[in-house]
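Just below is one structure, and these are the notes that go with it.
FYI, it's all coordinate maths here, none of it is from the lab. Predicted, not measured: the structure shown is a model, and the values here were computed from it. As a convention, Cβ positions derive from the backbone with ideal geometry for all residues, glycine included, and neighbour counts pool all protein chains shown.
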Amino acid sequence: MRKVIGIGETVLDILFKNNVPVKAVPGGSTFNSMISLGRMGLNVSFISEVGNDKVGEMILNSLRDSGVDASSVCSFADGKSPLSLAFLNENNDAEYLFYKDYPNNRLEVDFPKINADDIVVYGSYFVLNPVLRSKTKSFLEYAREQGAILYYDINFRKNHVNERLKLSEALIENLEYADIVRGSLDDFENLYGMTDAEHIYKDKIMFYCPNFIFTSGGGNVHLYTKNHSQQYPAKKVDVCSTVGAGDNFNAGLVYGIIMNDVAREQLYALSPETWNSIVGEGLDFSAHACTLLENYIDKEWALAKRNKNG
């Protein structure tokens, strides 16, 4: 069975509504994607780090409970598991505050074995962070050498805007490694002050990676490839929280690639019909996640989809 390997941060997300805490759930961008894919019954591993504390225990239990291999999650004693406070506005969009206490030595783990056509998901500050860069870069180079599909979710938050120039070399390297790049309107406003999907693709992405997906909250999803472009309307749902929307879009894309049995060598010449199927899964996963206060698809929905797809 093809493997999905994610690398990224873990946090405990504490969600606030009207400044009152309403939910606390394990999270992290790639973490959320891996939980959803684990619940879909895929062979999923996650590379990360947690504190040797109650929050770290919650995070590890959440991975294992969803069928995700957590053997490459480092548990550190000199520090604490990070917290993320997500304040939901009237539209249930989130504004974040982060609290972190990491040790000096980080990500002391053995990477899982990768085979050709496995799928690696990476993104956020975790794979730009200068403290971790030598290790994350080594892992991405290994994944590329093994012939994996690399999926890069830029996920560049406002609190790192003042580091844009310092991180630009690592960002470009991450784009060069990628077979698919996904970025949001917020990402490109924070990075470049740009909001037009086509201009972003032509000016900032196409030279490094021909497959690009642009999302904009409840707006249209834009797909750009070497051979064609397409727009997809977001599904309309009663939104409970948008915290895991993009992460579950990523999970759906990965699920769609696997369900359509797309190998890496086929990815650069896919038909519009196959892309429609793949992006459709991303839209499904994202829409469902927005109806929940958790950051991932629920087990019942996952089971129903698995039964439907045989």
Would you list, by chain and number, the aspartates and glutamates whose Cα falls below 14 Å from the Cα of Lys3, excluding same-chain residues fewer than 8 positions away? Asp69, Asp117, Asp118, Asp261
Between the DSSP loop rule and a limit of at most 16 other Cβ atoms within 10 Å, which chymotrypsin sites (Phe, Trp or Tyr not before Pro) in the stretch 179-216 are left? Phe207
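Within a Cβ distance under 9 Å of Gly217, other residues only, what is the Lys/Arg minus Asp/Glu net charge? If you can, show how the numbers build up before the last one.
Details: positive: none; negative: Asp93, Asp186.
Result for the neighbourhood of Gly217: -2.
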The residues Val25, Val20, Val55, Val44, sorted from fewest to most surrounding Cβ atoms within 10 Å, come out as Val20, Val55, Val25, Val44
Suppose the chain between Asp53 and Lys100 were pulled fully straight at 0.36 nm per residue; how much longer would it get relative to their current alpha carbon spacing? 15.6 nm
Which far-off residues, 5 or more places away or on another chain, put their amide H under 5 Å from the one on Leu12, with H placed in the peptide plane? Gly27, Leu83, Ser84
Would you grab the residues whose amide H sits under 5 Å from the one on Met194? Only those 5+ places off in sequence or on another chain, please, with H modelled 1.01 Å from N. Glu189
Which residues' amide hydrogens lie under 5 Å from the amide hydrogen of Ser75, considering only partners 5 or more residues apart or on another chain, with H built in the peptide plane? Val50
Debye intensity ratio I(q)/I(0), log10, the chain, q values 0.13, 0.14 Å⁻¹ (C-alpha model): -0.89, -1.06
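Kindly put His228, His288 in sequence by how many other C-beta atoms sit within 10 Å of each C-beta, fewest to most. Each step should come with its number before you reach the end.
Details: His228 11, His288 22.
So the residues, fewest neighbours to most, are His228, His288.
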Please build a GNM for the chain, connecting alpha carbons under 10 Å apart, and tell me which residue among Gln231, Gln146, Gln266 fluctuates the most. Gln266
In the stretch 14-61, the chymotrypsin sites (Phe, Trp or Tyr not before Pro) that sit in a DSSP loop and have at most 15 other Cβ atoms within 10 Å of their own Cβ are none
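Would you please report the Å³ per residue occupied by the convex hull of the alpha carbon atoms in the stretch 162-267? Mind showing how you got there, number by number?
Details: hull volume 12.8 nm³, N = 106.
Dividing the Cα hull volume of the stretch 162-267 by its residue count gives 121 Å³.
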If the reach is capped at under 23 angstrom between alpha carbons, list the lysines near Lys80, excluding any in the same chain fewer than eight residues apart. Lys23, Lys54, Lys100, Lys135
Using θ = phi - 60° and the Karplus relation 6.51 cos²θ - 1.76 cosθ + 1.60, list the HN-Hα couplings for the stretch 209-218 in order, rounded to whole Hz, with x at every Gly or Pro. 8, x, 9, 9, 10, 10, 10, 9, x, x
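Which order results if Val11, Val161, Val254 are arranged by neighbouring Cβ count within 10 Å, fewest first? Spell out each step's value before the answer.
On the way: Val11 25, Val161 11, Val254 30.
Ranked by crowding around the Cβ, least crowded first: Val161, Val11, Val254.
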For the chain, what proportion of DSSP beta bridges, expressed in % and rounded to the nearest 5, is antiparallel? 40
